[in-house]
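The values are calculated or read from the model by the stated rules, or taken from the named source; none is laboratory data. This is a predicted model, so every value here is computed, not measured. When we count neighbours, we look across all protein chains shown, and the Cβ atoms used for this are built from the backbone with ideal geometry, even at glycine. Just so you know, the surface numbers come from the protein's heavy atoms only, side chains and all, with ligands and any DNA or RNA stripped out. Shrake-Rupley method; radii C 1.70, N 1.55, O 1.52, S 1.80 Å.
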Amino acid sequence: MTRHRRVLLVLGTWVLLVAASFLWQRSADRSLPAMRPGGSMVEVDRMSSAGPMGEGDPVRLEVIDRGDPEASDVYVALHGSPSSGGDFVLLHEALDRANRDRGGGGVRLVEIVQPGFGASDGDVPDFGIEAAARMTLAVMDRLGIARAHLVGHSLGGGTILHVADIAPERVRSLTSYGGIGLQEHEGTGDHALEHLKYRIGWWILVAAPEVVPHFGALGDRDFRRAFIRNFMDTDQRSLRPILESIDEAGIPFLILHGRHDPLVPARAARAHHALVERSELVMFDRSHFMIFDPPGAAMLAAEIDDFARRIDDGSMPIRRTVDPDRTSDEAAVDSPFGDWIRPDRGPWVQFGAIVLATQVLEDPTTIAVGMLVRKDLV
């Protein structure tokens, strides 16, 4: 066989394998994962940052509704990126328990799984946090939720800020845990450079795997696309004026953060607290993932429940900062790997630790690579 024919044979085989991989991934029984307990599909209009687009099929979002539908305390929770949904199950259990322990009737927590994750549709025109905020309000309308406490984790912290900006009358309070905010605390702090990294990340995480016959080993395309598009379509420069207007809107703001957060630096939380007079800051000697372990979720729930109680009885102070070590001996880190993802660790140590620590999510290797791209470590 001539060299030319060998090359054609290799290329032809590669093309066939790529086509087979694509068909395998798109097969009907692998199109969407099963919904989690309490989940249902809610249809909303296709959204851009400006509002409903008025064209195209509705977007179907997985909404996980936990607790008594008639509960007086309603929380709407927005996860970070990436996620597989179900990020707030431990938080709801701890919140419900804390509420009942002080004589309440329990709480309802509605988790909205963002496009491309869990069972939610992955084909939307805009994956940014402002479009997500408009979808959040649309879901609240569908479920008949007039007002709610909003809880945002990581990227979800930016989404809840946009909800408060668009419809402050729908927000009882804001809780940002490890939440994004001011542009200057995003990676290098430079908008153009950060978005250049995201575009490079798109080629690495979305485009390149499409020409590799990985048969799903590199993750579902919708999942990978949603992850990088969340950041590509988000402009954090819009969050400063929102933070500066929260006091005028009269919305209580609780900021929960870990000192050892490798994704959103602790200085970001302190800067957000400094901007918002009607805010409270609680710093934990933890990282970004405490919501995924029972002791960590209980610590977060205790602060959120106490904050809601003080809002209801009017005893919330104008400003409160709690910055000592708030951990117990048995919950000193987020996970067995938590100490290894501190910012002072080397990037390759962080890489390995994040891959292991994010076993609670789908596609941990893809997640770790994306996180490292975002933090300029690869």
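Assorted remarks:
- Computed over protein heavy atoms with a 1.4 Å probe, the carbon and sulfur contribution to the accessible area of region 179-256 reaches 60%.
- If you sort the three axes of the alpha carbon gyration tensor as a ≥ b ≥ c, you get a/c of 1.5 or more for region 139-235 and a/b no higher than b/c, which makes it oblate.
- Bins of 5 Å from zero: percent of alpha-carbon pairs in region 78-222: 2, 8, 14, 19, 19, 15, 10, 7, 4, 2, 0, 0
- Averaged over its residues, region 142-275 has an accessible area of 35 Å² per residue, based on protein heavy atoms and a 1.4 Å probe.
- FRET efficiency, 1/(1 + (r/R0)^6) with R0 45 Å, evaluated for D65 and W203 via beta carbons: 0.75
- Among 66-72, 99-105, 271-277, 116-122, the peptide with the highest mean count of other Cβ atoms within 10 Å heads the list, and the full ranking is 116-122, 271-277, 66-72, 99-105.
- FRET efficiency for H195 and H4, using Cβ-Cβ distance with R0 set to 41 Å, rounded to 0.05: 0.45
- Extension reserve of the E244-R100 stretch, reckoned as 0.36 nm per residue once the Cα distance is removed: 48.4 nm
- Ranked by the mean number of other Cβ atoms within 10 Å of their residues, highest first, the peptides 48-56, 106-114 fall in the order 106-114, 48-56.
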